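Remarks on the structure that follows.
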Amino acid sequence: MTAIPLPYADDPDTAGFWDAARERRLVVQRCKACGHCQFPPHPFCAACAHAETEWAETSGRGSVWSYGVAHGPTLPGFQDLVPYPMIVVELEDHPHLRMVGSLVAAPDAPINSVAASAIHIGMPVDVTFTAVSDDITLPRWVPRASEGQRP
Amino acid sequence: MNGTLSLKDRTAIVGIGETAFGKAMAQSEEQLACIAIKAALDDAGISPSEVDGLCSLNMENVFQHDIARDLGMKEVTYYSQMPAGGHGGCGTVGHAAMAIATGQAKVVVGWRSRKRSGRASRVWAQLEQRIQGSRDTWLRPWGIIRPVDEVGVMYTRYMHEFGATRDHLANVALAFRGHANRNPKAFMHSKPMSREDYFAARWISEPLCLFDCCLETDGAIAFVVTAADRARDCRTRPVYVHAAAQGFDGGSAILANYFTADPMRSQAATCAKSLWRQSDFRAADIKVAQFYDAFTPEVFFTLEGYGFCGRGEGAAFTEDGGVALGGRLPVNTGGGSLSEVYLHGFNMITEGVKQMRGTSTGQVEQADCCFVSSSDLGPTCAVVLRN
């Protein structure tokens, strides 16, 4: 498999997210002073400018906020998988927070395993995790089982 | 704005220069830059030795000191670069105007030179195995790689919220292609496009197809700004920088504006507030405009962000030829990034100047000013030019 671009797992602003993902937990950043939650993580609380934050576990449930389908030409690591869907997920616990993700048919299925025609905005999804390197485990998303067959 | 620091009409664009536009051109980016800048100075009747200011984009590969050496400039007292590539083009006009109005320089050149055909020109193709920064980290590992992927996902949501369709995108692509068909310099001059052609095009990143994306072209464009009193002695009719603004708000993101509280709010809102505060013209007074159009959906966000229509009404604005010549607001009258040339929006600046000189191939006769903006899916900038 040709490599895909991955972040550093030891970046001070984001390491906690990747640590949690390796433990199959999906976290967002929470301000220790005012409790404001934010994602993507960054230094300081955007609500009160407090410097200290912690990682808050989420339920890993969400819904599709938007999506697209990438066709080539694109990076070699993704070219063999086109066309594949790209999704943005709105978190159920934090409706104001969104994450980019991949929608897959099963936890270790490839990122082109769900047909674009099966995706719709508002579709419920659950997080899953895929280890893609020694240090990076990516959160991905599967259609929620209870969703069943859409008419 | 009648304070001493107002920029209003205190400076003017007195020269514009362009190379030919093409693919895989023989010249280097540095040669192209020199050709365009010399042409702009010749247009104004100003010697390179008089240039003391240089403004460009942070993506520019040709350094200001190389330009100064190549063209024999003497003492350069002001230089700056705008960040974020296509989001910064109009900012070079604003910086030039500010530098002159505050006495930092007397003759400022702005330019953009690019060989899109070079592989090094595709930023997204240069990603390293390990990535850093908030934009790459939270997009790329999941396959949102190219700008077109970022904007495509935005437009799926826009369609969902506002009932827009691909037909609205076609309205934009067809209008600008029609303008290019009148412009002999446009890369797509001799290639008419029908709605059927649009819908037959291959996908690049659904919901965006080939004709929703700007051209991949080589070339360079330059302009010359000087003080209004000096401008009146130049060879050309002065085109005054009436208002110039830049802006973003705290939630701003480049193209992939997924993480802010209200992603469908045009990111131009902050810049628009500053621009219209400075300008004697209101959005309703604008009769011709040049928008950044690397991707067709950007036009809707610009229409909404600057108040040419209400939120969510940008797509509908393009119906019945709304942004074509003869429509409610003719936009990108030279063909734009979609059909004239892609140089990070610098052709919008020169087309704005041509409109004010009365020399555009898509001339809007009654226009007394021209609105020009840079990409507003991110930190942005805009100017109002007048004659």
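Over the alpha-carbon set of region B:220-363, work out the extent along each principal axis and list the three values in angstrom, largest first.
On the principal axes, region B:220-363 reaches 50, 34, 31 Å in Cα extent.
Need one number: convex hull volume per residue for region B:243-303, Cα atoms only, in Å³.
On the way: hull volume 6.0 nm³, N = 61.
Spread over its residues, the Cα hull of region B:243-303 gives 99 Å³ apiece.
With every atom except the alpha carbons ignored, what do you get for Rg and Dmax of the protein assembly as shown, in angstroms?
So, for the protein assembly as shown, Rg and Dmax equal 23.8, 75 Å respectively.
Looking at chain B, what % of its DSSP beta bridges pair antiparallel, to the nearest 5?
Working: 34 of 45 bridges.
Percent antiparallel among DSSP bridges in chain B is about 75.
Counting only helical runs of four or more DSSP H residues, what would the 222 nm mean residue ellipticity of chain B come to if each run contributes -39,500 (n - 2.57) and the total is spread over all its residues?
Values: 13 runs with 121 residues, N = 387.
After summing the helix terms and dividing by the residues of chain B, the value is -9000 deg cm²/dmol.
Using a 10 angstrom cutoff on alpha carbons, build the Gaussian network for chain A and name the most mobile of A:L81, A:L103, A:L91.
A:L81
Which whole-Hz couplings ³J(HN,Hα) result when phi for each residue of region A:141-146 is put into the Karplus expression 6.51 cos²θ - 1.76 cosθ + 1.60, θ = phi - 60°, listed in order with x for Gly and Pro?
So the Karplus estimates, Gly and Pro as x, are 10, 10, x, 5, 4, 5 Hz.
Which distance in nm do the two modelled labels at B:F63 and A:A49 give, with both placed 7 Å along the Cα-to-Cβ direction?
Between B:F63 and A:A49, the simple spin-label model gives 3.7 nm.
Relative contact order for chain B: what percent, with Cα pairs under 8 Å and sequence separation of 6 or more? Intermediate values should be presented prior to the final figure.
Working: 932 pairs, mean separation 96.6, N = 387.
Dividing the mean separation by the residue count of chain B yields 25 percent.
Run the numbers on region B:1-106 and let me know its relative contact order in percent, using alpha-carbon pairs under 8 Å that are six or more apart.
Details: 139 pairs, mean separation 30.2, N = 106.
That works out to 28 percent.
Could you name the lysines whose alpha carbon sits less than 22 Å from that of B:K23, not counting residues in the same chain fewer than 8 places away?
B:K38, B:K115, B:K185, B:K191
Going by alpha carbons, how many degrees (0 to 90, nearest 10) lie between the helix axis of B:166-181 and the longest principal axis of chain B?
Helix B:166-181 and the main axis of chain B meet at about 30 degrees.
So if the hydrodynamic radius of region B:142-246 is defined as the Kirkwood radius over C-alpha pairs, what does Stokes-Einstein give as its diffusion coefficient at 4 °C and 1.567 mPa s, in µm² per second? Walk me through the intermediate numbers first.
Working: Rh = 17.2 Å.
For the chosen part, D equals 75 µm²/s.
Relative to the compact-globule scaling 2.2 N^0.38 Å, provide the ratio for the alpha-carbon radius of gyration of chain B.
Working: Rg = 19.4 Å, N = 387, 2.2 N^0.38 = 21.2 Å.
Chain B yields a ratio of 0.92.
Quick one: give the max-minus-min coordinate of the C-alpha atoms of region A:75-117 along each principal axis, largest first, in Å.
Sorted from largest, the Cα extents of region A:75-117 read 34, 22, 21 Å.
Roughly how large, in nm² to one decimal, is the mean projection of the convex hull of the alpha-carbon atoms in region B:336-385?
Values: hull surface 14.5 nm².
The number I arrive at for region B:336-385 is 3.6 nm².
In a GNM of chain B with a 10 Å cut-off on Cα contacts, which of B:I35, B:I204, B:I349 has the highest mean-square fluctuation?
B:I204
Let me have the relative contact order for region B:262-312, percent, based on Cα pairs under 8 Å that are six or more residues apart. Kindly include the intermediate steps, with their values, before the conclusion.
Values: 33 pairs, mean separation 24.4, N = 51.
With pairs under 8 Å counted, the relative contact order is 48 percent.
Among residues other than A:K32 whose Cβ falls under 14 Å from its Cβ, what is the net charge (Lys/Arg +1, Asp/Glu -1)? Mind dumping the intermediate values first?
On the way: positive: A:R30; negative: A:E52, A:E54.
It works out to a net charge of -1.
Rg and Dmax of region B:45-137, Cα atoms, in Å?
Cα only, region B:45-137: 15.7, 50 Å (Rg, Dmax).
Give me the base-10 log of I(q)/I(0) for region B:191-266 at each q in 0.20 Å⁻¹, Debye formula, one uniform scatterer per Cα, rounded to two decimals.
The Debye formula, applied to the Cα set alone, gives -0.97.
Would you mind checking the tilt of helix B:29-44 against the longest principal axis of the Cα atoms of chain B, expressed as 0 to 90 degrees and rounded to 10?
For B:29-44 against chain B, the angle is about 60 degrees.
Hey, what number do you get for chain A at 222 nm if only DSSP H runs of n ≥ 4 count, each worth -39500 (n - 2.57), divided across all residues, to the nearest 500?
Values: 2 runs with 12 residues, N = 151.
That calculation yields -2000 deg cm²/dmol at 222 nm.
Region A:1-95: D in µm²/s via Stokes-Einstein (Kirkwood Rh, Cα pairs, 25 °C, 0.890 mPa s)?
Values: Rh = 15.4 Å.
Answer, rounded: 160 µm²/s.
Between the alpha-carbon centers of region A:53-71 and region B:347-387, tell me the distance in whole angstrom.
Using only Cα atoms, the two centres lie 40 Å from each other.
Please find, in a Gaussian network model of chain B (springs between Cα atoms separated by less than 10 Å), the residue of B:T217, B:T11, B:T236 whose mean-square fluctuation is greatest.
Fluctuation is largest for B:T236.
Stretched out fully, how many nm does the piece from A:Q79 to A:D134 gain, at 0.36 nm a residue minus the Cα gap? All intermediate terms of the calculation are to be shown ahead of the outcome.
Numbers: separation 55, 0.36 × 55 = 19.80 nm, distance 2.29 nm.
Additional length available on full extension: 17.5 nm.
Helix B:89-101 against the longest principal axis of chain B: what's the angle in degrees, Cα atoms only, rounded to the nearest 10?
For helix B:89-101, the angle is close to 30 degrees.
Taking θ = phi - 60°, what integer Hz values does the Karplus form 6.51 cos²θ - 1.76 cosθ + 1.60 yield along region B:357-372, in sequence order, with x for Gly and Pro?
Calculated HN-Hα couplings, in order: 7, x, 10, 5, 6, x, 4, 9, 4, 8, 6, 9, 7, 9, 8, 9 Hz.
None of the figures in this text is laboratory data; all of them are computed from the coordinates on show. Treat the numbers as computed from the prediction; the structure is a model and nothing was measured. Glycine also receives a Cβ, built like all others from the backbone with ideal geometry; neighbour counts cover every protein chain displayed.
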